[in-house]
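Okay, so here's the structure we're looking at.
The values are calculated or read from the model by the stated rules, or taken from the named source; none is laboratory data. Everything quoted here is computed from the prediction, not taken from an experiment. Don't worry about glycine lacking a Cβ; one is built from the backbone with ideal geometry, like all the others, and counts go over all protein chains shown. Ligands, DNA and RNA are stripped out before the accessible areas are found, and what is left, the full protein with its side chains, is counted by its heavy atoms. Shrake-Rupley method; radii C 1.70, N 1.55, O 1.52, S 1.80 Å.
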Amino acid sequence: MDRIVVNGPCCLNGEVEITGGKNAIVAILPAAMLVDGVCRIENVPDISDVECIISILKAMGAKVERVESGTVEVDCSHVTSTEVPYEYARKFRASYYFLGALLGRFGKATVAMPGGCHLGARPMDQHIKAFEQLGAQVEVARGDVICRAKRLTGADIYLDMVSVGATINAMLAATKAEGLTVIENVAKEPHIVDVANFLNSMGANIRGAGTDVIKVQGVGALRGGSYAVIPDQIEAGTYMAAAAATGGKVLVKNVIPKHMECITAKLEEMGVSVTEFDDSILIDGTASLKKTNIKTMPYPGFPTDMQPQMATVMLRAEGTSKINEGVWDSRFKYTEELIRMGADISVSGKVATITGGKELLGAPVRACDLRAGAAMVIAGLMAKGTTTIEDIDHIRRGYERIVEKFQGLGADITLIKG
Ligand code: EPU
């Protein structure tokens, strides 16, 4: 089993380049199913979730080629299959985007229901409601979600809660539906806007992405084209948090500073100096840090996907900070690993109380999920001695070359194979 070994403590210093957004590309690649022609997609991160979707696309008959580093060409013109089998779907959650894309293109789709995960229940009722309102019949049978529609017709869809996945799936299914679809109470994350921009650049007619209401005027066909994925907000936030947690100074390059404001504001509140440039952010975490409180929320609120990494910053701050998890039922499992390293954390329901200033000691720990894994790496950098992180497949799902990037910032970190 591969492991990441970190020898700390270390104060990060230098520059790091951010790659394309995971939560954008995991929707954009399935969205290519709606396009008749070649989609050239740039700034594609080299992560295992992308590999997994590429295997699904290929298994379904699409032509996919990595033409150069970070650029993928996808041609789904000859796909006839409308099924994503369990062996692929179980590997990553966002396989549900094939439902909206296949339904939009073929009027039918069968995708194995994504398995459970470490964040608590992940229902799909809002995705299903959106498909039904567009005219599809949806059935959940033997672990598959099966959608069929004679034709999809534009509709008014009101989402009962703000959901990234349901918003994107509704947009995908509505892109080629007949007439106008109005989706209300939608998610506003940067990757929602990116998926809409991708579809529009291929000929779709989607307005309002990034606001509370998205309007999709159905179009007959989408043509091929070129598109560059936005930088990953959470990867950037992770390196910002790592700089702050280790008392370092890091220039995070290839970011959209506007997308980082929710994270920047919190770090500044804690006493970190953050300087924004056009497409980079300088984090100076050399001063002492103050406690803070966080409640995670849909964008533009503080992102749940930065919650574990910010917990490590709180471990360096003076005083007691609180995190209130407002999106997922269960996102504090990783705190047990931090406690094993000496952290002073208690969890009650959806609130974690973190008292900073205790010395962390290296220990063997697990990456419970993707972002928890990133937090383990940061904690390893902060701790005295050796931290060995297991279950690192979670980390590979969403962080490109994490070991090399931290090495570039001066960390003593190694990937041990086998
Ligand atoms: N929800 C429902 N019903 C639905 C859909 C969602 O009750 O039909 C609930 C969920 O249970 C959750 C909340 O609504 O409590 C928000 O879920 P959302 O649908 O927004 O999450 P998601 O689309 O499944 C994406 C990201 C997650 C990220 C969340 C929230 C992708 C592939 N995943 O998940 O990313 O935490 O949005 O921002 O985009 C990660 O990258 O580490 C990650 C877990």
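A single member of Val50, Val35 is open to solvent by less than 50 Å² (accessible area, probe 1.4 Å) and away from the ligand (no atom under 16 Å from the Cβ), and it is Val35.
Residue count for the stretch 311-328, restricted to those that are open to solvent by less than 50 Å² (accessible area, probe 1.4 Å) and of a type in the set (Asp, Glu): 1. Restricting attention to the stretch 327-343, does a residue exist that is in contact with a strand residue (DSSP E or B) (Cβ under 8 Å, 6 or more places away or on another chain), assigned to a loop (DSSP other than H, G, I, E, B), within 16 Å of the ligand (Cβ to nearest atom) and of a type in the set (Gly, Ala, Ser)? Checking the stretch 327-343: not a single residue is in contact with a strand residue (DSSP E or B) (Cβ under 8 Å, 6 or more places away or on another chain), assigned to a loop (DSSP other than H, G, I, E, B), within 16 Å of the ligand (Cβ to nearest atom) and of a type in the set (Gly, Ala, Ser). Does the stretch 89-104 include one or more residues that are closer than 29 Å to Leu251 by Cβ and touching a helix residue (DSSP H, G or I) at 6+ places or on another chain (Cβ under 8 Å)? No - not one qualifying residue is present in the stretch 89-104. Among the residues of the stretch 141-180, the ones that are among the β-branched types (Val, Ile, Thr) and under 28 Å from Gly326 (Cα atoms) come to 6 in all. If you go through the stretch 387-418 and keep only what is closer than 22 Å to Ala343 by Cα, in contact with a helix residue (DSSP H, G or I) (Cβ under 8 Å, 6 or more places away or on another chain) and in a strand (DSSP E or B), you end up with Thr387, Ile389, Ile413.
Among the residues making up the stretch 150-180, those that are hydrophobic (A, V, I, L, M, F, W, C), closer than 20 Å to Ala204 by Cα and open to solvent by 10 Å² or more (accessible area, probe 1.4 Å) are Leu152, Ala155, Val164, Leu180. Return the pairs, sorted by first residue and then second, in which the second residue is open to solvent by 30 Å² or more (accessible area, probe 1.4 Å) and within 15 Å of the ligand (Cβ to nearest atom), the first residue lies in the stretch 376-403 and is in the same structural domain as Leu315 (by TED's automatic domain parsing), the beta carbons are less than 6 Å apart, and the residues are 6+ apart or on different chains. Within 6 Å, the pairs are Arg396/Ser48; Arg397/Ser48. For the stretch 181-201, a tally of residues being within 13 Å of the ligand (Cβ to nearest atom), of a type outside the set (Val, Ile, Thr) and surrounded by 19 or more Cβ atoms within 10 Å (Cβ to Cβ) returns 6. The set of residues from the stretch 346-386 being in contact with a helix residue (DSSP H, G or I) (Cβ under 7 Å, 6 or more places away or on another chain) and of a type in the set (Gly, Ala, Ser) comprises Ala352, Gly356, Gly362, Ala363, Ala367, Ala372, Gly373, Ala374, Ala375, Ala379. Within the stretch 130-146, residues that are surrounded by fewer than 20 Cβ atoms within 10 Å (Cβ to Cβ) sit with their Cβ atoms under 8 Å from residues that are assigned to a strand (DSSP E or B) and among the polar types (S, T, N, Q), at 6+ positions apart or across chains, in these pairs: Gly135/Thr153; Asp144/Thr110; Ile146/Thr110. Considering the stretch 88-108, and only residues there that are more than 16 Å from the ligand (Cβ to nearest atom) and in contact with a strand residue (DSSP E or B) (Cβ under 8 Å, 6 or more places away or on another chain), the residue that is least open to solvent (accessible area, probe 1.4 Å) turns out to be Leu102. Filtering Lys358, Lys322 for residues that are more than 14 Å from the ligand (Cβ to nearest atom), among the basic types (Lys, Arg) and either within 21 Å of Gly398 (Cα to Cα) or outside any strand (DSSP E or B) (or both) leaves a single hit, Lys358.
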